[in-house]
Amino acid sequence: MAGPHAKLSELGEATPVRVDVDGVPVCLVRLGDTVKAVHDTCSHQQWSLSDDGMVWGNGVECSLHGSTFDLDDGRPSSLPATTPIPTFAVRLDGDAVTVDVADATNDAPFPEH
Ligand code: FES
């Protein structure tokens, strides 16, 4: 795990940011004083969710075909994706944001890429 993987003060509100955590691409989204972490790879066609992804409420929308994934349970709320993405525990310690990719908070399958 190690880390920290990002600084809270450098994360823009509701703006997806990709970080590498132990070789796993992770999409971080700051919502106020909290940070959500999901696998960065869309379960539809492996697009990067942080690549121009839009945040709507508690979801991140894939910019390729528009599926939106819940940031807490990883479930897609709209087609074409039908498979959830992994979500991860985030630890905040002052400005330090640390993600534990060994501690998925749902049971979604890990994407291939
Ligand atoms: S690749 Fe994300 S919805 Fe198609």
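FYI, it's all coordinate maths here, none of it is from the lab. All values derive from a computational prediction rather than experimental measurement. Here Cβ is always computed from backbone atoms with ideal geometry, including for glycine, and neighbour counts include all displayed protein chains.
Within the group 34, 68, which residue is closer than 14 Å to residue 80 by Cα and among the β-branched types (Val, Ile, Thr)?
Sole residue among the options that is closer than 14 Å to residue 80 by Cα and among the β-branched types (Val, Ile, Thr): 68.
Looking only at the range 5-15, decide whether some residue is within 15 Å of the ligand (Cβ to nearest atom) and within 23 Å of residue 112 (Cβ to Cβ).
Within the range 5-15, not a single residue is within 15 Å of the ligand (Cβ to nearest atom) and within 23 Å of residue 112 (Cβ to Cβ).
Can you tell me which residue in the range 34-73 is farthest from residue 103 (Cα to Cα), limited to those that are β-branched (Val, Ile, Thr) and within 12 Å of the ligand (Cβ to nearest atom)?
Checked the range 34-73; the qualifying residue farthest from residue 103 (Cα to Cα) is 68.
Among the residues of the range 30-49, write down those that are within 21 Å of residue 95 (Cα to Cα) and among the small types (Gly, Ala, Ser).
Scanning the range 30-49 gives 32, 37.
Which condition from (1) surrounded by fewer than 21 Cβ atoms within 10 Å (Cβ to Cβ); (2) within 13 Å of the chain's Cα centre (by Cα) is the one that residue 35 breaks?
(1)
One line per residue, one yes/no per condition, for (1) closer than 14 Å to residue 59 by Cα; (2) without any contact (Cβ under 8 Å) to a residue 12 or more places away in the chain; (3) of a type outside the set (Phe, Trp, Tyr); (4) out of contact with any Pro (no Cβ under 6 Å at 6 or more places or on another chain):
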site	(1), (2), (3), (4)
69	yes, no, no, no
73	yes, no, yes, yes
77	yes, no, yes, yes
81	yes, no, yes, yes
87	yes, no, yes, yes
90	no, no, yes, yes
98	no, no, yes, no
101	no, no, yes, yes
109	no, no, yes, yes
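Might you check whether a residue that is in a loop (DSSP other than H, G, I, E, B) and crowded, with 19+ Cβ neighbours inside 10 Å occurs anywhere in the range 16-27?
Yes - at least one qualifying residue is present in the range 16-27.
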